[in-house]
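For reference, the structure is listed below as structure tokens.
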Amino acid sequence: MALSRMQKLFVKEYLVDLNATQAAIRAGYSAKTAEQQASRLLTNVKVQAEIDEAISKRSKRTEITADMVLQRWWDIATADPNDIIHLRRTCCRYCFGKEHQYQWRDESEYEQAVQRAVNDAKQKSLEDGKEVQPIIPTNDGGYGFDKLERPHPKCPNCLGEGREGVHIEDTRHLAGKAKLLYAGLKTTNAGIEIKMQDQGKALENVARHLGMFKDKVELTGNEGGPLQVIFDKGMTKDA
């Protein structure tokens, strides 16, 4: 016997998102009983055969196989979030300065610091009504500071801990598993929020696909004993 109109609609809607309950509602079944109807429909041999055939045809059209989807889930589940965003520790200004003194990036940065010291002294002199000598910073630590260097383990200033900071990779150049894990970003009052795919859900999908979850229902009676079912005599007759 051919499928009914609503059963055909259910098959069509089920292929949209594989959500049986929502598919039943969209097919015209009552929202109150949609979950039960969906369960019944999925256990209907003819309905299931129609779904399998439709999925097979779609797979051929799109050239997308179950193995390809499984591999994508696995790649998301095993991707390393550190390839997108991570906390890193970099050197402080004293790590690699001569004799661990303050190190400048270059002469230009040092000269700007000297000029700021002179300007601050002039401003202070005007405010106090007397001459104030500028406190000129020293350049004894030399030049060449690179903020991306690892901390010096013997630095007396940071004690080898360096300076911590959050680093976000350039998302335009993400590749491999990291590109699959990345799900976008948004700017908030607190800063940038990185979005990622749900790795736990991806791993669950892999496990279910491989049949690692054995869902079963056990019925027990009082105190865990066997369930006793008592039928009324009137219930033994066919309705």
Practice item. Filter region 148-173 for residues that are in a loop (DSSP other than H, G, I, E, B) and closer than 19 Å to ASP80 by Cβ and give the result. Key: GLU169, ASP170
**Study point:** Number of the exception - GLU131 against (1) at pLDDT 95 or above; (2) closer than 30 Å to GLN101 by Cα; (3) among the charged types (D, E, K, R)
**Key:** (1)
Review point. Could you say which residue among ALA27, ALA38, ALA31 is within 16 Å of ALA54 (Cβ to Cβ) and in the same structural domain as SER59 (by TED's automatic domain parsing)?
Key: ALA27
Exercise for review: Look at GLU193 and say whether it is among the charged types (D, E, K, R), under 22 Å from ARG88 (Cα atoms) and surrounded by 12 or more Cβ atoms within 10 Å (Cβ to Cβ).
Suggested key: no
Review point. Are any residues in region 32-85 of a type in the set (Ser, Thr, Tyr) and either in contact (Cβ under 8 Å) with a residue 60 or more places away in the chain or part of a helix (DSSP H, G or I) (or both), and if so, which ones?
Key: SER39, SER56, SER59, THR62, THR78
Check your understanding: For region 175-197, which residues satisfy the criterion of being without any contact (Cβ under 8 Å) to a residue 24 or more places away in the chain and hydrophobic (A, V, I, L, M, F, W, C)?
Key -> ALA175, ALA183, LEU185, ALA190
Check your understanding: Only one of these conditions is not met by THR65: (1) in contact with a Ser or Thr (Cβ under 8 Å, 6 or more places away or on another chain); (2) under 26 Å from MET6 (Cα atoms). Which number is it?
Key -> (2)
Check your understanding: Does region 137-147 contain any residue that is outside any loop (DSSP other than H, G, I, E, B), at pLDDT 95 or above and more than 30 Å from GLN199 (Cβ to Cβ)?
Key -> yes
Exercise for review: State whether the residues of region 179-189 include one that is modelled with pLDDT of 95 or more and out of contact with any helix residue (DSSP H, G or I) (no Cβ under 9 Å at 6 or more places or on another chain).
Suggested key: yes
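The values are calculated or read from the model by the stated rules, or taken from the named source; none is laboratory data. None of these values were measured; they are calculated from a predicted model. Ideal geometry is used to build each Cβ from the backbone, glycine not excepted, and the neighbour counts take in all protein chains shown.
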